[in-house]
Amino acid sequence: MISNSAIVKSITLFLTLGVLFSCGKKLEEKGPLDPKVAKLKVPEGFVAEHIYSPADNDQGSWVGMTFDDKGRMIATDQYGALYRLDIAPIGSKDLITKVEKLKVGTDEGKLGMGYGHGVLYAFNSLYVMVNHNPNEDFDKVMGLYRLQDTNGDDQYDSVTLIKELLGFQGEHGPHSMVLSPDKQSIYMMAGNLVDVHEMDAYRLPRVWDEDNIFPVIKDPWGHASTRLAPGGWIAKIDPEGKHWELISAGFRNAYDLAFNESGDLFTFDSDLEYDLGLPWYRPIRICHVTSGSEFGWRTGNQKWSPEYPDNLPATLNIGQGSPTNVMFGTGSNFPEKYKKALFAFDWSFGIIYAVHLQPSGATYSAIAEEFISGSPLPLTDGAIGPDGAMYFMTGGRRLQSDVYRVYYTGKKDKSSSGNDSKNLPEAHQIRRKLEEYHTGGPKAGAVDFAWPYLKHEDRFIQYAARIAIEHQPVKEWQEKALNEKDPKTLTQSMIALVRLGDKNLQPKILEALIAMDYDQLSETDRLNLLRAIELSLFRQGIPENGLKRRLIGYLDPHFPSSNNYIDRSLSKVLIHIDAPEVVKKIVKQLLVAKDDEDYQKTFTASSDLILRNPQYGLDIAGMLSKIPPAQQSYYATVLGKAKVGWTPELRETYFKWIFEAFQYKGGFSYVGFIDRARKMALSQVSKEEYDYYNEMSGASLLTENGNNLIVSEIQPQGPGKNWKVDEALVLMEDLKGRDLHKGKAMFAASLCQSCHTIRGEGGAVGPNLTQLGTRFSPKDILESTINPNAVISDQYTASIFYLTNGSSLLGKLINEDREKYYISQNPFDPQTIREIPKKEVTDKKLSEISVMMPGLINRLNEEELKDLMAYLISGGNPNHKVYQK
């Protein structure tokens, strides 16, 4: 007979969709397959081994690894010490032969070294990037340290602080390091909360600024709101740390960096999930880091468009996630395509992407595949070991930490010559020649060599040429720039002159730019022209009235165009210079503008991520149920700054749009950003009109700080706790006199109502819970709530579809016919169905892990938990005995 407990677990209180990843090729088992391996999906021909669990040995949560000269792994605990592992050869019965906590320094009473985000063994030393401030247990400041064994005892007695790094410690602090291709120097990565200290050389000229005339709105929740240009950065240092050279900047929070066989550098930059649905949101992305490159991160809504010519675009937009490690397969025992691949780790959704790069002009094109995935699999760092296997670890934020090894046992393929620099396209060679002028100070002949390449069709060559010219004295090329006639060359040289030249040159710069025949320019050239004008307005100010009128007359007839990126630039430039007719035109576009179909196209569709991680996936699911219109949101923000051209009718149209905009679902900061644009626009109305437009635009919908919509239901007051079944069960002994209204509110606040119905209210994705209490005991209900993975009904589980391209899709199978599967991936929008051709599916399995977040009731205090349980047991019936006093 099936027990009540087993039955109730099968109907789970929340959405029971989930994820289970199994190896494409299972290990030859000598016993039960390790569940930490069973959850992994790996390509055919590869074998995964779980080799160690630091958490099982009270050794913390590991985030960094390197191999020393004896082939031993050295790992860093994010909040503690360094550890060294002796790993047995592939095929051994015992995978780990020794694990030791490293002894660092000479003071036995203190932690000699720890809190490392990055670790690198090189130059007979161990380099550690400490990402922490001193406390009573650890006296080291945030910065880069060099550890050495000077007495031959195989420990690190010497600790040298190479450089203290200022800024804010934490997840946006200093991160990883990598050895240069020539093995003579080290490259390091810092997040956007680390100050750029004084350096000895700068590949990117030290003239950076915010460079955006878009109305400034910083993150409503204060994230990185005090951080100015240039954001995250990469530096090159010598082994002793005496010479520092800035290589690149403009990142948000890239964690790691890696060189390919040709000596080109890549990183994996992060998004800000708070910005989902907003026009300045940038997906996580693979970046080709060239000399002097800038990638345009700025705080709040000031992030640069990837279309701007003074920053470089991503090589590949991946999607949503939390980037950690990147590494190439160089030195692995993998098939050739994986030896050349860039492996990019996503902590949030547990995916290792294999990014396949192909030289394309002066940069690379890229396609990606899902190489390894699992859930949960919070990936932190990885490396190719001396044995040619891939090693990777999970952990971070004090999560369960594990170490894995992956190696190849399949059919060997023929090796190739690789991507050495001799095989690269001519454009690649040109870029590298131009980059020689980025270092070592001014050089004779640099301007003459670089100038013709300012009009090159390859964007990376154009960029390298401009940076080369910026490194030369302005007096050598100023007149040449002002007298230039070629539109491409003129625009690029004017960008350089605005950045390096005298502010008093603005009239000459703008006159030269508006002398171009706008109608004869390509869309790219128009975008570049508008960017040059914007930079002049930002750095050199509003021109005198006569020139301003000519600038308005030059640009105003071209808005709107048929290009959303051009229209964004035109709208903010025209508003900035008070074009009298543009408000009317922008308000009209506010109502009709459509986003491009391929806008922010990413490798991984957002809907594919929902079921991989319930914590982050539910945010994406909510947004996809009602996506904000990005182009319209951009116009609404631009209009917030407009001072001239308003009529009462235009204001009403604008503020009514704002009211409706609060109905869309965006990231955590979406409401706050729209409210800040609303308040900016209200600052332009008269005192007599303020109350009228304030109410019309949704003031009554918002909390006092404007960051959230007012929730009518009662919210948990806490303090909560990490509830266990036995602890909660004690409270169920007396449920008399509970509050129905509060119980219903807790049902909504704990997200139950998003997927389940009681008395006709709630979602329809999960089972109806109205009769739950008539069939199951409080203990059964608590066990299902607190341990959602225990038993999952086939009726409500998800399926995993393994595809021919190596990736996988997750969703609830709704229907199928001879040719297709039909799945629902979004619990908040179950009517949206995705079709999967059966010919593209290699395998299909049911999940065994619930996507329901453990701890959904952990916000509740004892009384609130009692009210929730009373509501569930009563099925919302006000006459139930739990409501009788």
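The values are calculated or read from the model by the stated rules, or taken from the named source; none is laboratory data. Treat the numbers as computed from the prediction; the structure is a model and nothing was measured. Cβ placement follows ideal geometry from the backbone for every residue including glycine, while neighbour counts extend to all protein chains displayed. The accessibility values were calculated without ligands, DNA or RNA, using every heavy atom of the protein model including side chains. Shrake-Rupley method; radii C 1.70, N 1.55, O 1.52, S 1.80 Å.
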Sites GLN155 and VAL725 - FRET efficiency at Förster radius 41 Å, r taken between beta-carbons, to 0.05:
0.35
At 7 Å along Cα-to-Cβ for each site, give me the label-to-label distance between ALA444 and ASN133 in nm.
5.3
Normalised contact order of the chain, rounded percent, pairs of Cα under 8 Å and 6 or more residues apart:
13
Could you work out [θ]222 nm for the chain from helices alone, using -39500 (n - 2.57) per DSSP H run of at least four and dividing by all its residues? Round to the nearest 500 deg cm²/dmol.
-7500 deg cm²/dmol
Assuming 0.36 nm per residue, please report the length gained on full extension of the stretch GLU649 to HIS243 beyond their Cα-Cα distance.
140.0 nm
Can you order the peptides 379-385, 588-594, 402-408 by their average number of other Cβ atoms within 10 Å per residue, highest first?
379-385, 402-408, 588-594
Using 0.36 nm per residue, how much length does the chain from GLN715 to LYS183 gain when fully extended, once their Cα-Cα distance is taken away?
185.8 nm
Using label points projected 7 Å from each Cα along Cα→Cβ, tell me how many nm separate SER777 and GLU863, to one decimal.
2.9
Can you tell me the dipole magnitude for region 521-674 around its Cα centre, using point charges on the Cβ only (Lys, Arg +1; Asp, Glu -1), in Debye to the nearest 20?
380
Region 164-314: relative contact order in percent, alpha carbon pairs under 8 Å with at least 6 residues between:
24
Taking the Cα centre of the chain as origin, work out the dipole magnitude from +1 charges on Lys and Arg Cβ and -1 charges on Asp and Glu Cβ, in debye rounded to 20.
1320
Among 203-211, 454-462, the order from most to least packed when residues are scored by Cβ within 10 Å on average:
454-462, 203-211
Toy charge model, Lys and Arg Cβ at +1, Asp and Glu Cβ at -1: region 169-305 dipole around Cα centroid in debye, rounded to 20, equals 200
Can you pull the percent of region 360-485's accessible area that's carbon plus sulfur, 1.4 Å probe, other chains left in place?
51
ASP578/ASN694 FRET efficiency (R0 22 Å; Cβ-Cβ; nearest 0.05):
0.35
Checking the cross-link filter: which lysines have an alpha carbon closer than 16 Å to that of LYS485, excluding same-chain neighbours under 8 positions apart?
LYS455, LYS508
Using a 1.4 Å probe on the protein heavy atoms, what percent of the accessible area of region 255-308 belongs to carbon and sulfur?
45
Relative packing of 145-155, 269-279, which averages over residues the other C-beta atoms within 10 Å, highest first
269-279, 145-155
Would you mind working out the accessible area per residue for the chain, using a 1.4 Å probe, and quoting it in Å²?
40
Once LYS656 and ASN708 are pulled to full extension, the length gained, defined as 0.36 nm per residue separation minus their Cα-Cα distance, is 16.9 nm
ALA88-LEU813 FRET efficiency (beta carbon distance; Förster radius 51 Å; 0.05 resolution):
0.75
Loop only by DSSP, 12 or fewer other Cβ within 10 Å of the Cβ. Give me the trypsin sites (Lys or Arg not before Pro) in region 220-294 that pass, ordered by residue number.
LYS242
Among the listed pairs LYS548/LYS679; LYS339/LYS594; LYS41/LYS110; LYS585/LYS687; LYS103/LYS340; LYS70/LYS93, give every one whose C-alpha distance is greater than 31 Å.
LYS339/LYS594; LYS41/LYS110; LYS103/LYS340
